[in-house]
Amino acid sequence: MLRNLILMLLGAVIGITGVVATTPVVEADEQFIPMLVYRTGPYAPSGIPVANGFRDYYTMINNRDGGINGVKITFEECETEYNTKLGVECYEKLKNKGSTGASLVNPFSTGITYQLIPKASVDEVPILSMGYGRTAAADGRVFKWVFNFPTTYWSQASAFIRYVAQQEGGEKNLKGKKIAHVYHNSAYGKEANPTLQALSKKYGYELVLLAVDHPGQEQKATWLQIRRAKPDWVFMSGWGVMNQVAIKEAASIRYPMDHFVGNWWSGSDADVVPAAAGAKGYKSATFHSPTSDYPVHSDIIKHVYGGDMSKAKKNSFGEVLYNRTIVNAMFAVEAIRTAQAKYGNRALTGAEVRWGLENLNITENRLKEMGMEGFTKPVKVSCSDHETGGPIIIQQWDGSKWNIVSDWVSPIREVVRPMVEKAAAAYATENGIKPRSC
Amino acid sequence: MEIISFLNLVFVNPLVEIFSYPIFFAEVVISGLLTGVMYSLVALGFVLIFKASGVFNFAQGAMVLFAALNLVGFIEQGFPIWLALLLTIIVMIILAFLIERFMLRHLINQEDIILFMATIGLTFLLQGFGETLWGSNVKPLDLGIPNQSFEVAGLLLNEFDLFAAGSGAILVGVLAVFFHYTRIGRALRAVADDHQAAMAVGIPLKTIWIIVWSVAGFVGLVAGIMWGAKSGVQFSLSLIALKALPVLILGGFTSVPGAIVGGLIIGVGEKIAEIYWRPLVGGAIENWFAYVLALAFLLFRPQGLFGERIIERV
């Protein structure tokens, strides 16, 4: 009896302190941003730098500026393990937190994004799926609540083909070439296929599609097919362990690494670690610099880590995915700032932040003010264009670090945009959505 | 017309390809055999524990991860490789002791399903504890095993794959000798046949369990080294247990040679299916094809290729 009583009391104490420790105290002038993270599970090596990047940028804004125009940012992490079901549960758990509910949500998973799209308009929580998610959401007339700027999988795939054309001496030289797409066998991995197929018809290259099942620990069959097909270029849409194994297998069949290009989710620091020297020459697309020598980084070191670089490094500081999340968090903060200009410097609702996202205009000057000049490209979102068709840039692994090795490469908009509009129109028809007039 | 096209994809095109490019086919088979040995390494851990205690150890994949995490962790702490290996083996023995003391001892004579459920719990414990201890980042594992590719008669071979296959073969040989020609091995088999009878003739059940879980931990370490060297040591190592399941179904849960032969058949079968029958369904079939292959065998031999046929009166 006494034992049970002690256990009950212990449980109550743990329960109460647990709640106090994990529930942020949100006041009226605080802007709440939910964080769907994956610090555990098979995709944790990619999820950790992402989560750390968000946390550090928001903390830096709070510590350096006192928040966004005086409105502090609060955030709460919820572990998704990159699992769509858990991601939806996290969203449901966090969407009403804070005095005004969730400002916006960054799912950081294409699967979770797909599931949240129908919910976003009902809950009035905008989704910012930066460079992932449903590509058709680029058509803001149909997808009012979803944003995928600065660029999408389809734009990326088309920019990759343009890059190949540049390397091969012009678009006419694409004819007769063979390009393989090694992709994660999931909604995410398949996203680039329609674009690559459409461009294959346009330019006359042969496309070889090779799917790799989750998680991608074993890929011998895939790379034997690459060895037999001898493609001139390999494009990869991988994630997590799939990337690491693919790079290692490519090296093991002696595929020329400088003709092996990953998409922007296949070019992190973790991806090249197991292959070590074998990864030298491997390339990937990106839309920001891989280095950490910008003023924004100095501010993070100063205002988040108190000048302690070694502590920052232990928290993924400066890694590719960390840098990408700095860009993502900056977009979120600037959207809130944009919305504040219209609605006032207070905690905003999701609907108000959505307006901010749709009217976001980050110029070169603004990037410079934020210490990000040259770190990424300007973005101007509009009612009809939630993607902006931003360019990509190619980075290459030299054995110890990533280096930028190309100019900015624009997507082939005249091919991609009609495809986006067609897919969006089909989605609108299927779901009974009346497109907005923009 | 569609039926003809379908029949072509099933029966004609693959065979035409195989006979048109025999060297490539040989490369596919060799690659499948080498991959199969890697599967066998994981399957062996399952077999050892099932053979000795009748427990299907769901945590074997997590043990592979846990062993590899400890090894890399010790190396990162600055220990020389030989010492890191030794320390990891000691950790796995301690783990076996703790499993016996805090899990198995309390479940003697319980239903198999209860023991199975306990190992599911152990899986989460090992994954969480391992990552808490050593972190979730991808950790490179380089023990100096050669990793160059070379061609022999047009076949591309990789030194690492051959090394892994050799290690697997040696491990199996040692285990086979251990089971058949040592006192402990005989005791292990006695325990596997009947717990109570084994205890009645004086075989110390608890000691046997510690030994067998330690050996399974060592096998997990070898598997962790081989797989970890390919992908880096990270959480997904624990998922390779899924690759071992069809091997076990095929080879039988109680047979060491079964784990090896099953691994080879699954390895070769899935590679051939993925490469030659891929156009039929659009690719990425090797994961589930392994199960189809295993289940097809079960139609003819329900106990697996080398499993013991169990006849019970009902």
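Just a few scattered comments:
- Residue check for B:L245: away from chain A (no Cβ under 11 Å) and crowded, with 24+ Cβ neighbours inside 10 Å: no
- Per-region count, the range B:137-167, residues of a type in the set (V, I, T) and outside any strand (DSSP E or B): 2
- The number of residues in the range B:251-279 that are assigned to a helix (DSSP H, G or I) and under 19 Å from B:A52 (Cα atoms) comes to 6.
- Those residues of the range A:250-280 which are in contact with a Lys or Arg (Cβ under 7 Å, 6 or more places away or on another chain) and open to solvent by 10 Å² or more (accessible area, probe 1.4 Å), in sequence order: A:I253, A:M257, A:D258, A:P274, A:A275, A:G278
- In the range A:207-249, the residues that are open to solvent by 10 Å² or more (accessible area, probe 1.4 Å) and assigned to a strand (DSSP E or B): A:L207, A:V208, A:L209
- Conditions (1) outside any helix (DSSP H, G or I); (2) out of contact with any Leu (no Cβ under 8 Å at 6 or more places or on another chain); (3) among the β-branched types (V, I, T); number of the one not met by A:I61: (1)
- Some residue of the range A:410-429 being outside the structural domain of A:I161 (by TED's automatic domain parsing), assigned to a loop (DSSP other than H, G, I, E, B), polar (S, T, N, Q) and at pLDDT 95 or above: yes
- Criterion applied to A:S292, A:S268, A:S237, A:S252 was being more than 20 Å from A:K178 (Cβ to Cβ) and more than 10 Å from chain B (Cβ to nearest Cβ), and the one residue passing it is A:S292.
- For the range B:128-138, the criterion of being within 12 Å of chain A (Cβ to nearest Cβ), more than 18 Å from the chain's Cα centre (by Cα) and under 30 Å from B:G32 (Cβ atoms) is met by at least one residue.
- Qualifying residue in the range B:9-24 (condition: in contact (Cβ under 8 Å) with a residue 12 or more places away in the chain and part of a loop (DSSP other than H, G, I, E, B)): no
- Here A:T113 meets each of (1) of a type in the set (S, T, N, Q); (2) over 30 Å from A:P435 (Cβ atoms); (3) open to solvent by less than 20 Å² (accessible area, probe 1.4 Å); (4) in a helix (DSSP H, G or I) with one exception, condition (2).
- Among the candidates A:A351, A:A329, A:A347, residue that is within 27 Å of A:Y294 (Cα to Cα) and either of a type in the set (A, V, I, L, M) or buried (at least 22 other Cβ atoms within 10 Å of the Cβ) (or both): A:A329
- Verdict on B:L86 being free of Cβ contacts under 8 Å to residues at least 24 places away in the same chain and more than 19 Å from B:A59 (Cβ to Cβ): yes
- If you go through the range A:281-321 and pick out every residue that is in contact with an Asp or Glu (Cβ under 7 Å, 6 or more places away or on another chain) and buried (at least 21 other Cβ atoms within 10 Å of the Cβ), you end up with 5.
- Applying the condition of being open to solvent by 70 Å² or more (accessible area, probe 1.4 Å) and either hydrophobic (A, V, I, L, M, F, W, C) or touching a strand residue (DSSP E or B) at 6+ places or on another chain (Cβ under 8 Å) (or both) to the range B:163-182 and asking which residue is nearest to the other protein chains (Cβ to nearest Cβ) yields B:F163.
- The number of residues in the range A:154-179 that are over 27 Å from A:A424 (Cα atoms) and among the small types (G, A, S) comes to 4.
- Only one of the numbered conditions (1) more than 19 Å from A:A279 (Cβ to Cβ); (2) out of contact with any Leu (no Cβ under 8 Å at 6 or more places or on another chain); (3) of a type in the set (S, T, N, Q) is violated by B:Q127, and that is (2).
- Each residue in the range B:111-132 was checked for being in contact (Cβ under 8 Å) with a residue 24 or more places away in the chain and either of a type in the set (S, T, N, Q) or touching a Gly at 6+ places or on another chain (Cβ under 7 Å) (or both), and 4 pass.
- Complete set of residues in the range B:4-38 that are among the acidic types (D, E) and either in contact with a Cys (Cβ under 9 Å, 6 or more places away or on another chain) or over 30 Å from B:G173 (Cβ atoms) (or both): B:E17
- All conditions but one from (1) in contact with a Cys (Cβ under 9 Å, 6 or more places away or on another chain); (2) modelled with pLDDT of 95 or more apply to A:L357; the one that does not is (1).
- Single residue of B:G202, B:G224, B:G228, B:G220 found to be modelled with pLDDT of 90 or more and more than 14 Å from every other protein chain (Cβ to nearest Cβ): B:G220
The values are calculated or read from the model by the stated rules, or taken from the named source; none is laboratory data. For clarity, every value in this text was computed on a predicted model and none was experimentally measured. Cβ sites come from the backbone with ideal geometry, for glycine too, and all protein chains shown count toward neighbours. Side chains are part of the model used for accessible areas, which takes the heavy atoms of the whole protein and leaves out ligands, DNA and RNA. Shrake-Rupley method; radii C 1.70, N 1.55, O 1.52, S 1.80 Å.
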